[in-house]
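To start, the structure under review is shown below, and the notes come after it.
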Amino acid sequence: MTLALLTALYALATPPTPNDAESAAVDRADAAARALGTTLKARVAEELGKGGPVGALAACNTQAAALSAGVAAQTGVTVGRSSLRLRSAANTPPVWVAEWLTLQGERPAAAATPLTTVVDGKARVIKPIAVEAPCLLCHGAPESLSPEVRAELARRYPADQATGYALGDLRGALWAEADITPPRVR
Ligand code: HEC
C-alpha cells in the first residue's frame, strides 16, 4: 500500500478532532464573508447601471440589510460589514469588530491585517474592504460627489461620516461569525 493511501485510510478511521470542527467553522465563516462581499458589489454595479448613483443609493439604503440577512440564512453564519466612519447606524459593529477597526485605524486597505480567530466556541473572520473606483461615486471627497448624490445623502443619512475616501483606502470590514459544531462521536 502506498503511503498516501495509508494516510487517507487513517484519516477516514480517525474521528474529527476539535481542530477539524474549528477549521470547518473558519472555512464557513470565510466563505460567508466572501459571499456577502461579492453579492453586495455585484448588486451595486447592477443598480449603478440601472439607476445611476442616486438610484443605486436608494437601492443600497433599502436592500443592503436584506442581502446580509439572505447570506446569513443561506449559510447559517452571522455576517455584516462595518466601518470606523459609518453611513448607516444599522452597520454598527459588534465589539470584536469595533476593536479590529480601531486597531487598524485609517490606512490603505492593503496595509490592513485580516483576522481569523476562534473564540468562545465561534470562528470569527474579518476581511478588509478597499475603496475601489465605483465606490468614490458615493464615498469620495464631498466636493467630488455629484450634487444629486450629495443631496440624496443629506436626505437619507444626515449623520453620514462615510465620505472623503480615496482609492485604495480601508473603507471598513466584512465580518462573519460561525458556530463551531462539536465533532461527531462515532
Ligand atoms: C450608489 C452609492 C454607493 C456606492 C457606489 C457604494 N456605496 Fe457603500 N454605502 C452606500 C450606502 C447608501 C450605504 C448605507 C446603507 C448600507 O448599504 O448599509 C453604504 C454603506 C457601506 C458600508 C457599510 C458601513 C457604513 O458606513 O454604513 C461599507 C463598508 C461600504 N458602503 C463600502 C462600499 C464599497 C467598498 C463600495 C465600492 C465597491 C461602495 N460602498 C459603493 C452607498 C454606496
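Worth a mention:
- Exposure proxy order (Cβ contacts within 10 Å, fewest to most) of R107, R85: R107, R85
- Computing Rg and the Kirkwood Rh from the Cα coordinates of region 30-155 gives a ratio, Rg/Rh, of 0.97.
- Hydrophobic, long helices, defined as DSSP H runs whose alpha-carbon span along the helix axis is 18 Å or greater and whose mean Kyte-Doolittle value is at least -0.5, occur in the chain at 18-75.
- In the chain, the calculated helix contribution to ellipticity at 222 nm averages -17000 deg cm²/dmol per residue, counting -39,500 (n - 2.57) for every DSSP H run with n ≥ 4.
Just so you know, all these numbers are worked out from the coordinates, no wet-lab data involved. Fair warning: this is a prediction, and the values are worked out from it, not measured in the lab. Every residue, glycine among them, receives a Cβ derived from its backbone with ideal geometry; neighbour counts consider all protein chains shown.
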